Structure formats: structure tokens, C-alpha cells
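Here's the structure, in C-alpha cells; my notes come after.
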Amino acid sequence: MVLHAGALDETLAAAAGSDPALAAELRAAFAESLANHVNLLQRARCDANWHVAALRIRGLAASFQVQPLIDLADAALAAAPGEPTVVRALSGFAADLAGTGPA
């Protein structure tokens, strides 16, 4: 998965101003939150839990204007709980953002 985080980086830069340490801290917090929500999505076994987790991912993505992640969350909202292609895509996005994804 190729991470397109330009909008995220722009939003973080606007929030952090000229403080690169703050921007890095905000990015790490975003990545951690996304990883937690993806984990909840992976463990969801009913429609309601899956839907809530997907909505949380979508809300997080929308708050930072990360359109590729919004699109993935929308795909999760349209999918059945546990849909492996959606889970893989979101997991890959989260791993890339955290810097642990494949090179």
C-alpha cells in the first residue's frame, strides 16, 4: 500500500506551526489511534461493532483530511464484518503510516 499522507502532513504542519517535534508527536498520535481503531475493526464479529469501528476510522481520517483513508473507511462501511480485503488494506495503511509497512 502506498501511503498518500500529503493532506495529513499539511494538516499536521498547520497545527504544529514551526515545531517539528510537535508535528512528529501529532503524527505518532494519529498513527496510534488509527492502529487501535483498525484493531477494533479486525476483532469485530457483528455488524454493529464493525460499523462503529469503520465510522471511527472515517472520523479520524476526515478530521485530518486524509482522503485515501476516508475511502478505505467507506469501503469498510460497505463491506461485511471481517471482509479480508478491507482489513488488509486498512492494516497496510496503518503499518505504512507507523513506518512498519513493507518497503
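So which residues in the stretch 43-93 are more than 22 Å from Arg27 (Cα to Cα), surrounded by 17 or more Cβ atoms within 10 Å (Cβ to Cβ) and out of contact with any Cys (no Cβ under 9 Å at 6 or more places or on another chain), if there are any at all?
Ala44, Trp50, Ala76, Val86
Just to be sure I understand, how many residues within the stretch 51-98 are within 13 Å of Leu34 (Cβ to Cβ) and either in contact (Cβ under 8 Å) with a residue 60 or more places away in the chain or in a helix (DSSP H, G or I) (or both)? If you could, list the steps in order and put the result at the bottom.
Taking the stretch 51-98 and keeping what is within 13 Å of Leu34 (Cβ to Cβ), we get 53-54, 56-64, 66, 68-70, 72-73, 76, 89-98.
Then keep just the ones that are either in contact (Cβ under 8 Å) with a residue 60 or more places away in the chain or in a helix (DSSP H, G or I) (or both); that gives 53-54, 56-63, 66, 68-70, 72-73, 76, 89-98.
Summing the residues that are within 13 Å of Leu34 (Cβ to Cβ) and either in contact (Cβ under 8 Å) with a residue 60 or more places away in the chain or in a helix (DSSP H, G or I) (or both) in the stretch 51-98 gives 27.
Within the group Leu12, Leu34, Leu26, which residue is among the hydrophobic types (A, V, I, L, M, F, W, C), surrounded by 12 or more Cβ atoms within 10 Å (Cβ to Cβ), touching a Lys or Arg at 6+ places or on another chain (Cβ under 8 Å) and within 14 Å of Ser63 (Cβ to Cβ)?
The unique qualifying residue is Leu12.
Per-residue answers, yes or no, for (1) touching a Leu at 6+ places or on another chain (Cβ under 8 Å); (2) at pLDDT 95 or above; (3) more than 18 Å from Ala98 (Cβ to Cβ); (4) of a type in the set (Asp, Glu):
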{"site": "Ala14", "(1), (2), (3), (4)": "no, no, yes, no"}
{"site": "Asn49", "(1), (2), (3), (4)": "yes, yes, yes, no"}
{"site": "Leu55", "(1), (2), (3), (4)": "yes, yes, yes, no"}
{"site": "Leu60", "(1), (2), (3), (4)": "yes, yes, no, no"}
{"site": "Gln65", "(1), (2), (3), (4)": "yes, no, yes, no"}
{"site": "Leu72", "(1), (2), (3), (4)": "yes, yes, no, no"}
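The values are calculated or read from the model by the stated rules, or taken from the named source; none is laboratory data. Keep in mind it's a predicted model, so treat the numbers as computed, not measured. Neighbour counts run over all protein chains shown; Cβ positions are idealised from the backbone, glycine included.
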